[in-house]
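First up is the structure itself, then whatever we jot down about it.
Just so it is clear, none of the values below were taken in a lab; they were calculated from the coordinates. This structure is a prediction, so every number in the text was calculated from the model and none was measured. Cβ atoms come from the backbone with ideal geometry, glycine included; neighbour counts cover every protein chain shown.
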Amino acid sequence: MTYCRGHNPSSTFLLANHSCNSRPDHRCRRRLQPLAASLGKDDLPRGTPGTQAENAAAAAAAGSSSNESQAAVTTTTPQITPGALWRFSRPHTIWGTAISVVSISLLAFLQHVAAAAADAFLFNAPAPAVPWMPFAATLASALVAALLANVAIVGINQVYDVEIDRINKPELPLAAGEMSVATGKAVSIACAVVALACAAVAGTPSLL
């Protein structure tokens with residue numbers, strides 16, 4: 001078997017029992033035209049200009065589609081959901097903070113009531129009224145401030161430990177990608193500001 005002069009041996013334009021060395025090139029091309037017409041586009045040699053143009057167009061289309069997909073991924077931001085915010089606040093720390101604030105406040109309040117009742121008994125004075133409403137308002141302010149401060153603390157911790165949490169605690173919203181780092185910072189700062197505002201409104205210096 002021989003190949004036509006000027007053609008790559010790896011191409012599909014293989015002719016059996018054909019010698020082109022003894023014939024002009026135009027006769028070789030004339031013999032190849034029916035064979036080339038019978039072949040499909042996939043069988044054409046890689047050096048064919050039409051195939052190169054099609055490959056370039058396909059590569060350009062693939063590149064543009066990949067750039068569009070990357071741009072879509074870049075511009076898409078995670079949506080904040082109540083579940084993600086709840087897990088961002090670390091509920092197990094919230095329960096501990098709430099129980100400690102309520103128990104300490106009740107202990108101080110009951111001691112104050114007991115001391116006032118003892119003084120009234122010693123001095124034979126009428127028993128003072130128990131200030132339940134002022135205590136409840138102060139307790140609510142202290143509880144809200146403490147819980148918001150707790151969320152701010154655990155939020156800052158997650159923001160600065162997000163790379164470690166992706167390995168050790170991948171279920172956290174920042175590590176899982178359910179919330180962005182910028183959103184975590186915004187939530188932490190907002191909770192800290194509102195906590196200080198609640199403490200200032202309560203008029204209790206110890207809360208600050």
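Some points to look at:
- Each label was represented as a point 7 Å from its Cα along the Cα-to-Cβ direction; for L110 and L139 these points are 1.1 nm apart.
- Given in Å, the Rg to one decimal and the Dmax to the nearest whole number for the Cα atoms of the range 82-202 are 20.0, 67.
- Once the chain from A98 to Q79 is taken as fully extended at 0.36 nm per residue, the excess over their C-alpha distance is 4.0 nm.
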